[in-house]
Amino acid sequence: MKLHRITAIVFRHLYLYRRSLPRIMEIFYWPFLDLVIWGFITLYLARYQTQVPGFVTFFLGALILWDVLFRSQQGITISFLEELWSRNLMNLFASPLKPSEFLAATMIMSIFKVVCVSLVMGVCAWLFYDYSILIIGLWLLPFVLNLVVTGWVIGVFTTSLIMRFGQEAEVLAWSMVFLFQPISCVFYPMDVLPVWLKPVAWANPAAHVFEGMRGVLSQSGQPVEHLGWAVGLNILLLTAMIAWFHRTFAYCRNQGLLVRVGE
Amino acid sequence: MASPVLEVRNLTKTFGDFTAVNGISFALQPGEILGVLGPNGAGKTTTMHMLLGLITPTSGTISMFGMDLETHREAILQQVNFSSTYMSMPQSLTVEENLWVVARLYGLPDVQRKIDDIVKKLEMGEFRQKVTRKLSSGQMTRLTLAKAFLTEPKILFLDEPTASLDPDIAHKIRALLKDEQRASGLSVLYTSHNMREMEEMSDRIIFLQKGNLVAEGTAAQIVSRFGQTDLEDVFLKLARES
């Protein structure tokens, strides 16, 4: 891997944000709107705190962490779509750039988006609802890192599908992550899932992060065990997805799809 | 005779039942401009895409600078570049930003000087700060040519590079190509539907028809072989046969 090629792609995407209000809005607008709506719902539900303790903490914390995963996935997929929309894939892959360097650059972009979104949501939650995400304490860092990696797993998977099936599959960039939401147990514990769905959720690293978060907040769970599962699953799934991305890339080269995608 | 910078042997590409390129072989010598002629669907673009590593050949080999493209992709692509009238560049970036990205991608030293030079050579000064989506088609073509020249390639692949340019700029581009060929020994693979341009520019020409290489030689040799008066007549004869 060559650093100059990775930074070239990162700069190419950062240049986009210099003069594009819609792209800047994409980072700030939706997370802000999410927070406002879920914040009001949380305030309403907080009236019943006596029945379910820690409502505000659970919901707003979960919402912010879910957005970490969502933006991490988008950082990869939208970066690929930007290349597709501008019909730039030919320029990139007829250069010495390797697919792994391209992926590394999109991962850096996803970290950029996650940092922006987390700052916006963290500050807004504190200003509007007097809620600090830091209440999770030092556990926050490994939880966030794991969610970023889970976002990469879904992002690389979705990008491979878009590369394979072309622009008609671009809707997956926004919808795929929501397929994982029910089994990520963002707003409810894994216990509430039907028995047949529990093993599926157990194989999803995000579910372990959210279980771990609830454990920390209620001081009842075992975050270390969940964190261990999340790390192990993330390593396994990310390795598999990167291998699959390379395989799809080779398939697309063979079928001439790289030069047709985006047309 | 020096070793060719590009050597293609029995190159074939099939998509299902369709054969886009059928066992063609040719070579590009150092400092040579090789014209590729053929009607639409002859396999010119597919061949060029295979040479750029964008499409994997079904069979055959491509070697550049004595290295196999499949196993030395990175080292080869560092030394080649391409431009096409039909390609695009990121629309939301300015001309200069696009050139900076390309320069970083190829790890060029002394970037600003190189960008200034190429902007001057291609007379792009008046639109270098313009957002790419606002360029005219001629300006866009000049940007893609600037992108190709910027990296100082040893082999340049040009797909109808002057198709959307006015005669004055097209003439200057041809002069620039000839200058680079003389000064740095640049080798060029060149497609065009402008037969006069092809005769003026190319040291040799290969003619593709339905994926097959049907003729190879200087423009005069090809005209003579097909018993026609000029290259345009040869083109029309072969195009109507296909």
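The values are calculated or read from the model by the stated rules, or taken from the named source; none is laboratory data. As the structure is a computational prediction, the values presented were derived from the model and not from experiment. Here the Cβ is made from the backbone with ideal geometry for all residues, glycine too, and neighbour counts use every protein chain on show. Ligands, DNA and RNA are excluded from the accessible area calculation, which covers all protein heavy atoms including side chains. Shrake-Rupley method; radii C 1.70, N 1.55, O 1.52, S 1.80 Å.
Counting only helices (runs of 4 or more DSSP H) wholly contained in the stretch A:140-209, the ones carrying 3 or more residues that are farther than 20 Å from A:ALA230 by Cβ and of a type in the set (A, V, I, L, M) occupy A:140-165. Of all residues in the stretch A:74-105, those satisfying the criterion of being of a type in the set (S, T, N, Q) and closer than 19 Å to B:MET89 by Cβ are A:SER79, A:SER86, A:ASN88, A:ASN91, A:SER95. Only residues that are in contact with a Ser or Thr (Cβ under 9 Å, 6 or more places away or on another chain) and surrounded by fewer than 18 Cβ atoms within 10 Å (Cβ to Cβ) were counted across the stretch B:185-211, and they come to 3.
Of a type in the set (A, V, I, L, M, F, W, C), buried (at least 23 other Cβ atoms within 10 Å of the Cβ) and part of a helix (DSSP H, G or I), is that true of A:ILE108? Outline the logic, then answer.
On the way: of a type in the set (A, V, I, L, M, F, W, C): yes; buried (at least 23 other Cβ atoms within 10 Å of the Cβ): no; part of a helix (DSSP H, G or I): yes.
No; evaluated as a whole, the condition is false for this residue.
Residues of the stretch A:64-103 that are within 12 Å of chain B (Cβ to nearest Cβ), open to solvent by 10 Å² or more (accessible area, probe 1.4 Å), touching a residue at least 60 places away in the same chain (Cβ under 8 Å) and in a helix (DSSP H, G or I): A:GLU82, A:TRP85, A:MET90, A:PRO99, A:SER100.
When residues of the stretch A:203-236 are filtered for being open to solvent by 50 Å² or more (accessible area, probe 1.4 Å) and at pLDDT 95 or above, how many remain?
Filtering the stretch A:203-236 down to residues open to solvent by 50 Å² or more (accessible area, probe 1.4 Å) leaves A:203, A:218-220, A:222, A:224-225, A:229, A:231, A:235-236.
Within this subset, residues satisfying the condition of being at pLDDT 95 or above are A:203, A:229, A:231, A:235-236.
Going through the stretch A:203-236 one residue at a time, the tally reaches 5.
Would you mention how many residues in the stretch B:132-153 are charged (D, E, K, R), open to solvent by 10 Å² or more (accessible area, probe 1.4 Å) and within 22 Å of the chain's Cα centre (by Cα)? Within the stretch B:132-153, residues that are charged (D, E, K, R), open to solvent by 10 Å² or more (accessible area, probe 1.4 Å) and within 22 Å of the chain's Cα centre (by Cα) number 2.
Taking the stated definitions as given, is B:VAL101 under 28 Å from B:ALA175 (Cβ atoms), touching a Lys or Arg at 6+ places or on another chain (Cβ under 7 Å) and away from every other protein chain (no Cβ under 12 Å)?
Numbers: under 28 Å from B:ALA175 (Cβ atoms): yes; touching a Lys or Arg at 6+ places or on another chain (Cβ under 7 Å): yes; away from every other protein chain (no Cβ under 12 Å): no.
No; evaluated as a whole, the condition is false for this residue.
Restricting attention to the stretch B:163-184, and to residues there that are in a loop (DSSP other than H, G, I, E, B) and in contact (Cβ under 8 Å) with a residue 40 or more places away in the chain, which single residue is most open to solvent (accessible area, probe 1.4 Å)? The residue in question is B:ALA163. Scanning the stretch A:115-146 for residues that are within 17 Å of A:ILE78 (Cβ to Cβ) and open to solvent by less than 10 Å² (accessible area, probe 1.4 Å) yields one hit, A:VAL117.
Close contacts from the stretch A:234-263, counting a first residue that is farther than 30 Å from B:THR19 by Cα and a second that is among the small types (Gly, Ala, Ser) and buried (at least 19 other Cβ atoms within 10 Å of the Cβ), with Cβ to Cβ under 8 Å and a gap of 6+ residues or different chains, come to A:MET241/A:SER160.
Residues A:VAL177, A:VAL200: which one is more than 14 Å from chain B (Cβ to nearest Cβ), touching a residue at least 24 places away in the same chain (Cβ under 8 Å) and of a type in the set (A, V, I, L, M)?
Numbers: A:VAL200 fails: touching a residue at least 24 places away in the same chain (Cβ under 8 Å).
Among A:VAL177, A:VAL200, only A:VAL177 is more than 14 Å from chain B (Cβ to nearest Cβ), touching a residue at least 24 places away in the same chain (Cβ under 8 Å) and of a type in the set (A, V, I, L, M).
If you go through the stretch B:154-184 and keep only what is over 16 Å from the mean Cα position of the chain (by Cα) and polar (S, T, N, Q), you end up with just B:SER184. Of all residues in the stretch B:75-98, those that are facing chain A (nearest Cβ under 7 Å) and not small (Gly, Ala, Ser) total 9. Considering the stretch A:1-34, the residues that are out of contact with any Lys or Arg (no Cβ under 9 Å at 6 or more places or on another chain) and among the basic types (Lys, Arg) include one that is surrounded by the most Cβ atoms within 10 Å (Cβ to Cβ), namely A:ARG23. Counting only residues that are among the aliphatic types (A, V, I, L, M), outside any helix (DSSP H, G or I) and in contact with a Gly (Cβ under 9 Å, 6 or more places away or on another chain), the stretch B:196-242 holds 5 of them.
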